[in-house]
Amino acid sequence: MAALAAGTVVAAGAAWAEPVKVGMITTLSGGGAGLGIDVRGGFLLALKMAGDAGTEVEVVIEDDQRKPD
């Protein structure tokens, strides 16, 4: 899923002159941190593997601390 999203973002980023900003909210602390860290890592790896196209994407990552609010 993350690879598909990364491909979509990279394709969209190539069309713009300025970097595309992507926000990711995931659980990076607490009980669900293992899954959230893997999701973040997979997304960043997909951008890295995209090569030059991935450099046009700015990723902002926030920890939701497993809280719904």
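For region 29-62, how many residues are among the aromatic types (F, W, Y) and open to solvent by 60 Å² or more (accessible area, probe 1.4 Å)?
First, pick out the residues of region 29-62 that are among the aromatic types (F, W, Y): 43.
Checking which are open to solvent by 60 Å² or more (accessible area, probe 1.4 Å) leaves us with none.
The qualifying residues number 0.
If you take the residues of region 34-54 that are more than 9 Å from the chain's Cα centre (by Cα) and touching a residue at least 12 places away in the same chain (Cβ under 8 Å), which of them is farthest from K21 (Cα to Cα)? Checking each candidate, the answer is G36.
The values are calculated or read from the model by the stated rules, or taken from the named source; none is laboratory data. This one's a predicted model, so the numbers in the text were calculated from it and none came from an experiment. Virtual Cβ from ideal backbone geometry, glycine too; neighbours counted across all protein chains shown. To get the accessible areas, we keep the full protein, side chains included, count just its heavy atoms, and leave off ligands, DNA and RNA. Shrake-Rupley method; radii C 1.70, N 1.55, O 1.52, S 1.80 Å.
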